[in-house]
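Trainee: Attaching a single structure in structure tokens format; questions to follow.
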Amino acid sequence: MPNPLHIILILLLPLASFLLMGLFGRSHIKSASGLISTALLFVATCLAFYVAYGYFFEYGKVDGVYQKLIPLKYTWLEFSKGVSIDMGILLDPITAMMLVVVTLISLMVHIYSLGYMKGEERFATYYSFLGLFTFSMLGLVIASNIFQIYMFWELVGVSSFLLIGYYFEKPSAVAACKKAFIVTRFADLGFLIGILILSFYAGTLDFNTLIQRLTSPESMELKTIVASSFLGISALTWGMVLVFVGGAGKSAMFPLHIWLPDAMEGPTPVSALIHAATMVVAGVFLVARLFPVFALSAPDALHVVAYVGAISAAIAAVIACTQTDIKRVLAFSTMSQIGFMMFALGVSKYGGEEGLGYTASMFHLFTHALFKALLFLGAGAVIHFVHSNDMKDMGGLRKHLPITHITFLIACLAISGVPPFAGFFSKEEILLAAFHHNPTIYWIALLTSGLTAFYMFRLYFSIFWNKVPSPTERAEGEAHGEHHGEGGFSMMMPLIVLSIGAAAAGFIPFGKFVSSDGKALISEFHLQFSIAPVALGVAGIFVAWLLYQKQNSKPDTIASSLSALYKASHQKFILMNYMSSSPKKYCSIWSGDRLHGSTKT
């Protein structure tokens, strides 16, 4: 059994950072606030790796099955005999994995921000909010009951509100944080109603007990909730769908994705944390936490998860192909990749090889955290250098930003599913699971994979190749580079660390550690199956190379010939915007609004 003190410290160290920086950062320790916060996160990360190692290799497995351990539990509120709210720690494979993911990515963001946010007037406040965000997500991850997870779920929403609106002097940032908060509140209402339905019939809030009562065929609670219905649909299905609505809001699934692109108004390192390890993956974690109930007792709700995930992945990929803001391209790539994780859960069964989708989803969550954080932090280095988010202001930067260029390329190869990078292995398992259980979703996912490679390398070539600078521009760029560089050690070190993970993480035998039933799942590699996804990915990269490796008129010509589709995609398929905008405004592939205000976004 793990020492609960270690897990409590993992949780409390970011909270200490929040309190210290919030209370004393601006008045007493402003100059050292970043270093102190980073040191606290470093200790938390070391403890997270220690706990994960102990769980996976020492005490977590009994008779070949990883156990759901409760190292700490106490009654927080007791209303009457048998009716109480407990607080506790649940340690299982996905908890151990997420402890590592959240602390590691947060640590990289903390280190990176030392350089990126240097000189900001509210530097200590920024680190205070980062601490709160990390604490909130860690609390969500270790929660032992559904009410506890809801508390931290709402704290994650509050934290994102504070960080997205960090540049509150910008009207666009204020509008963005309000939009994210309000949209996710509607989704969270669904989550809350789902909690009330499940806990009412199960008679408990505790995850282990709730799952046991709602999955055992002999359980009276299961028989009662299945027999109860509304509009011909069982109360259990309603409850699970409403829980998923909460997850879909946090994870920006269609049609609750409208807050995601505007959330880019926050500082770029914040975007890395939101998209790689905290808010956006919280919905996937929630579905995974209650997966036994979805798979064994509410298959109709799981079908909803599958199709919403697949539709979201495809729509986001199409939208990403026409965006010109570097951070918005990455935002929609996140929506698409989260869609992959969701539909992988949706096509999965419980236990054995039938549970490959569950393992693949968690594996992709793990690899995605590495290459998505790398992409956002790399984008931050580019923005830091050119002082713009717009791709039309970039091009030919590979010589000025050599480390950023190489690490960004690794991340693009990983997300595109090119072997042997990390994304290839996790995405192949997702496609294999879909192929066996839902051919329709498989074909949607396969085509989306090709689009992913195209839009990511459209982004890559537009930033680092494309333009051929004139001698005057080259001289100005070299002078600019000597002054600004790549941001120094604090900004480059996280890129290098994450690039190693994005390149090598796919070789981890993930199925040995994380599966739907706790038993080792060894997925065999099928070379013939991989031919189509890899070929489509390479084709997507090749098309991007033809169009964007050098400046030419081909993208403009294609955009004009596909005027209606291009316009709809550029406007994110939002009907009101589509109907009210001038067609001429969107005929150029390089069109798009410039972000105003601070250049450090």
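Trainee: Would you mind checking segment 279-308 for residues with the amide N under 11 Å from a putative spin-label position 7 Å along Cα→C-beta of Leu189?
Mentor: Answer for this model: none.
Trainee: What base-10 log of the normalised intensity I(q)/I(0) is obtained for segment 266-406 from the Debye formula, alpha carbons as equal point scatterers, at q = 0.20 Å⁻¹?
Mentor: Once normalised to I(0) and log-transformed, intensities are -1.11.
Trainee: How large is ³J(HN,Hα), in whole Hz, for each residue of segment 245-256 in order, when computed from phi with the Karplus curve 6.51 cos²θ - 1.76 cosθ + 1.60 and θ = phi - 60°, using x for Gly and Pro?
Mentor: Ordered by residue, 3J(HN,Hα) equals 4, x, x, 5, x, 5, 8, 6, 7, 4, x, 9 Hz.
Trainee: What is segment 211-305's relative contact order, in percent, from Cα pairs under 8 angstrom and six or more apart in sequence?
Mentor: RCO, segment 211-305: 33 percent.
Trainee: Quick check on packing: order 520-526, 362-368 by the mean number of other C-beta atoms within 10 Å, highest mean leading.
Mentor: Put in order of decreasing packing, that is 362-368, 520-526.
Trainee: Alpha carbons only, please: Rg and Dmax for segment 29-174, in angstrom.
Mentor: 18.1, 58
Trainee: Return the Rg/Rh ratio of the chain with Cα-based radii and a Kirkwood Rh.
Mentor: Here Rg/Rh amounts to 0.96.
Trainee: What whole number of Å gives the distance from the Cα centroid of segment 118-164 to the Cα centroid of segment 368-410?
Mentor: Comparing the Cα centres of segment 368-410 and segment 118-164, I get a distance of 26 Å.
Trainee: If you don't mind, there's one more thing I want to ask. Return the whole-Å distance between the Cα centroid of segment 226-262 and the Cα centroid of segment 179-225.
Mentor: The two parts, judged by their Cα centres, are 12 Å apart.
Trainee: Compute for segment 69-153: radius of gyration divided by Kirkwood radius, i.e. Rg/Rh, restricted to C-alpha atoms, rounded to two decimals.
Mentor: Looking at segment 69-153, the ratio lands at 1.13.
Trainee: Given a Förster distance of 25 Å, report the FRET efficiency between Lys519 and Tyr74 from their Cβ-Cβ distance, rounded to the nearest 0.05.
Mentor: Step by step, r from the Cβ atoms, then E = 0.20.
Trainee: Could I have the simple spin-label model distance between Tyr59 and Lys550, label points 7 Å from Cα toward Cβ, reported in nm to one decimal?
Mentor: According to this spin-label approximation, the distance is 6.4 nm.
Trainee: Oh, and also: Taking 25 Å as R0, compute the FRET efficiency from the Cβ-Cβ separation of Ile233 and Thr440 and round it to 0.05.
Mentor: So the FRET efficiency works out to roughly 0.65.
Trainee: Distance between the C-alpha centers of segment 421-470 and segment 279-350? Whole Å please.
Mentor: So the two Cα centres are separated by 15 Å.
Trainee: Okay, which of segment 159-202 sit inside 17 Å, backbone N to the point 7 Å along the Cα-Cβ direction of Glu121?
Mentor: Answer for this model: 165-174.
Trainee: What are the principal axis extents of the Cα atoms in segment 183-331, in Å, biggest first?
Mentor: Computed over segment 183-331, the largest-to-smallest principal extents equal 55, 27, 22 Å.
Trainee: Taking the highest mean first, how do the peptides 121-131, 52-62 order by number of other beta carbon atoms within 10 angstrom per residue?
Mentor: My ranking of the peptides, most packed first, is 121-131, 52-62.
Trainee: Which FRET efficiency value, to the nearest 0.05, do you get for Leu527 and His303 by plugging their Cβ-Cβ distance into 1/(1 + (r/R0)^6) with R0 = 30 Å?
Mentor: Step by step, r from the Cβ atoms, then E = 0.45.
Where a number appears in this text, it was derived from the coordinates with a stated rule and is not lab data. These numbers were taken from a predicted model, which means no experiment stands behind them. Positions of Cβ are backbone-derived with ideal geometry, glycine not excepted, and every protein chain shown enters the neighbour counts.
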